Amino acid sequence: MPVSTRTMRAFRLPGPGLVDLDRPEPRGGEVLIRVTAAGLCHSDLYVIDAGGMGFPTPFTLGHEVAGTVASLGPDATGVSPGDPVAIYGPWGCGLCPRCLAGRDNYCDRRAELPWAGLGLGRDGGMADYVLVPSARYLAPIGDLDPAQAAPLTDAGLTPYHAIQRCRPALVAGSTVAVIGVGGLGHLAVQLLRALTPSQVIAVDIREEALALAARCGAHVSLPAAPDAHRQVRKASGGRGADVVLDFAGTDATLELAARSLRADGDLVIVGSGGGHLAIRKPGALPAGSRVSLPFWGTRDELTEVVTLAQAGKLRVEVERFPLSAVTDAIKRLRTGTLHGRAVLAP
Ligand SMILES: [Zn+2]
Ligand SMILES: [Zn+2]
């Protein structure tokens, strides 16, 4: 609990970590959210290890956030105190045509902004309270468990957006390979099963991830062995996968993705593993390949993801931690010993 009504705890970068801060006051169109759940994500590790990843510090981490509306600035409309909400995280400039259309993830001014969004250069939700610039970044969640809603804002939204972009290829008789069945990948498998008639092949190096993939509905689960691309081809009738979603994005997974792809297929690099993929013509990629680098998702898509979860079509594997145990949760994420997504509850 907060020490007093005026202060709050927040997990800040750079260290020392959890500190006491003044609780912010919403001004203009801002909305203050009392955080009920904040997901911990692999990209938080990149941000921590890179000392803020180039964003001006200090700022509070946490880009997967759910909470209830605490108070509104004088110009804020559309929500009321007490409303349970999930926060749309990829805040853009708020003024360009992309932002106005709810596609802040592809803001025209993205390159010049000193932030990528909530908890990524702007104060995030690993805190008792978080200030949101506008009510348009809030998606109502009704009685959905906040510990489910919070991770859905990234771990659900990012694969949903990646899948929406290649929906034309995901028809009956098609095959999709999901490489990496972690926080995002296990939701990708569920989304593919809920939204498409495609055969879903999951690939991972970890046995428990393959078991999770099977529980999430994957038709085939393959260990990421050196011949995994041959297994993907075999499972897809020799053709290769129409769509490959790579949730790792390392040299090894990109090579596997390229070798597993069918001609005229979609290679979707979701994970920011920093791997290299040579694009040459002719080269390793089959004829007609489309390579894409989706980033997060749109505001409308977040609403659609929440609706799917409310209908029982999406279930995040979660391990809960109190906010005071954030350092433990980070350690567990780093050592790969978490059972599902770590969610912090203030
Ligand atoms: Zn994330
Ligand atoms: Zn913009």
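The values are calculated or read from the model by the stated rules, or taken from the named source; none is laboratory data. Predicted model, so just to flag it, every value in this text is computed and none were measured. Because the Cβ atoms are built from the backbone with ideal geometry, glycine has one as well, and the counts that use them run over all protein chains shown. These accessible areas exclude ligands, DNA and RNA; they are computed on the full protein's heavy atoms, side chains included. Shrake-Rupley method; radii C 1.70, N 1.55, O 1.52, S 1.80 Å.
May I ask you to say which residue of Q190, Q199, Q148, Q164 is in contact with a Cys (Cβ under 9 Å, 6 or more places away or on another chain) and polar (S, T, N, Q)? Step through it out loud before you land on a result.
On the way: Q199 fails: in contact with a Cys (Cβ under 9 Å, 6 or more places away or on another chain); Q148 fails: in contact with a Cys (Cβ under 9 Å, 6 or more places away or on another chain); Q164 fails: in contact with a Cys (Cβ under 9 Å, 6 or more places away or on another chain).
Among Q190, Q199, Q148, Q164, only Q190 is in contact with a Cys (Cβ under 9 Å, 6 or more places away or on another chain) and polar (S, T, N, Q).
G102: open to solvent by less than 10 Å² (accessible area, probe 1.4 Å), closer than 20 Å to V35 by Cα, within 15 Å of ligand 2 (Cβ to nearest atom) and small (G, A, S), yes or no? It would help to see each step written out before you state the result.
Working: open to solvent by less than 10 Å² (accessible area, probe 1.4 Å): yes; closer than 20 Å to V35 by Cα: no; within 15 Å of ligand 2 (Cβ to nearest atom): yes; small (G, A, S): yes.
Here the answer is no, as G102 does not meet what is asked.
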Which condition from (1) away from ligand 2 (no atom under 16 Å from the Cβ); (2) open to solvent by less than 30 Å² (accessible area, probe 1.4 Å); (3) over 16 Å from the mean Cα position of the chain (by Cα) is the one that P84 breaks? (2)
Can you confirm whether G92 is small (G, A, S), under 29 Å from V291 (Cα atoms) and in a helix (DSSP H, G or I)? no
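So which of G173, G142 is surrounded by fewer than 24 Cβ atoms within 10 Å (Cβ to Cβ), touching a residue at least 60 places away in the same chain (Cβ under 8 Å), over 24 Å from S272 (Cβ atoms) and more than 16 Å from ligand 1 (Cβ to nearest atom)? Working first, answer last.
Values: G173 fails: touching a residue at least 60 places away in the same chain (Cβ under 8 Å).
Unique residue meeting the criteria: G142.
Considering each of A329, A284 in turn, give the residue that is in contact (Cβ under 8 Å) with a residue 24 or more places away in the chain, among the small types (G, A, S), in contact with a Phe, Trp or Tyr (Cβ under 8 Å, 6 or more places away or on another chain) and at negative phi.
The match here is A329.
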Filtered residues of region 127-167 (kept if within 16 Å of ligand 2 (Cβ to nearest atom), touching a Gly at 6+ places or on another chain (Cβ under 6 Å) and assigned to a helix (DSSP H, G or I)): none
Of the criteria (1) open to solvent by 10 Å² or more (accessible area, probe 1.4 Å); (2) among the aliphatic types (A, V, I, L, M); (3) within 30 Å of H219 (Cβ to Cβ); (4) within 16 Å of ligand 1 (Cβ to nearest atom), which one L152 fails: (1)
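So which residues in region 182-204 are assigned to a loop (DSSP other than H, G, I, E, B) and either at pLDDT below 95 or of a type outside the set (V, I, T) (or both), if there are any at all? Walk me through it before giving the result.
Filtering region 182-204 down to residues assigned to a loop (DSSP other than H, G, I, E, B) leaves 182-184, 196-198.
Result: G182, G183, L184, P197, S198.
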Consider P74 against the criteria (1) at positive phi; (2) open to solvent by 10 Å² or more (accessible area, probe 1.4 Å); (3) not polar (S, T, N, Q): it satisfies all of them except one. Which criterion is unmet? (1)
If I filter region 10-43 down to residues being in contact with a helix residue (DSSP H, G or I) (Cβ under 8 Å, 6 or more places away or on another chain) and part of a loop (DSSP other than H, G, I, E, B), which single residue comes out as nearest to ligand 1 (Cβ to nearest atom)? C41
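Please determine whether any residue of region 44-60 is within 16 Å of ligand 1 (Cβ to nearest atom), charged (D, E, K, R) and open to solvent by 10 Å² or more (accessible area, probe 1.4 Å).
Within region 44-60, the first condition is being within 16 Å of ligand 1 (Cβ to nearest atom), and the residues that meet it are 44-50, 52-53, 55, 59-60.
Then drop every residue that is not charged (D, E, K, R), which leaves 44, 49.
Next, from what is left, pick out any that are open to solvent by 10 Å² or more (accessible area, probe 1.4 Å): 49.
Within region 44-60, one or more residues are within 16 Å of ligand 1 (Cβ to nearest atom), charged (D, E, K, R) and open to solvent by 10 Å² or more (accessible area, probe 1.4 Å).
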Where a residue in region 197-212 is touching a residue at least 40 places away in the same chain (Cβ under 8 Å) and on the phi < 0 side of the Ramachandran plot and its partner, wherever it lies, is assigned to a strand (DSSP E or B) and surrounded by fewer than 21 Cβ atoms within 10 Å (Cβ to Cβ), with Cβ under 6 Å and at least six apart: I201/V220
Of the residues that sit in region 210-242 and are closer than 14 Å to L261 by Cβ and either part of a loop (DSSP other than H, G, I, E, B) or at pLDDT below 95 (or both), which one is most open to solvent (accessible area, probe 1.4 Å)? R239
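Could you say whether any residue in region 105-126 is surrounded by 20 or more Cβ atoms within 10 Å (Cβ to Cβ), hydrophobic (A, V, I, L, M, F, W, C), touching a residue at least 40 places away in the same chain (Cβ under 8 Å) and away from ligand 2 (no atom under 16 Å from the Cβ)? Steps first, answer last, please.
So in region 105-126, the residues surrounded by 20 or more Cβ atoms within 10 Å (Cβ to Cβ) come out as 105, 107, 116-126.
Now narrow it down to the ones that are hydrophobic (A, V, I, L, M, F, W, C): 107, 116, 118, 120, 126.
From what is left, the residues that are touching a residue at least 40 places away in the same chain (Cβ under 8 Å) are 116, 118, 120, 126.
Now drop any that are not away from ligand 2 (no atom under 16 Å from the Cβ), which leaves 126.
Yes, because at least one residue in region 105-126 is surrounded by 20 or more Cβ atoms within 10 Å (Cβ to Cβ), hydrophobic (A, V, I, L, M, F, W, C), touching a residue at least 40 places away in the same chain (Cβ under 8 Å) and away from ligand 2 (no atom under 16 Å from the Cβ).
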Look at R27 and say whether it is within 16 Å of ligand 2 (Cβ to nearest atom), farther than 25 Å from I330 by Cβ and charged (D, E, K, R). no
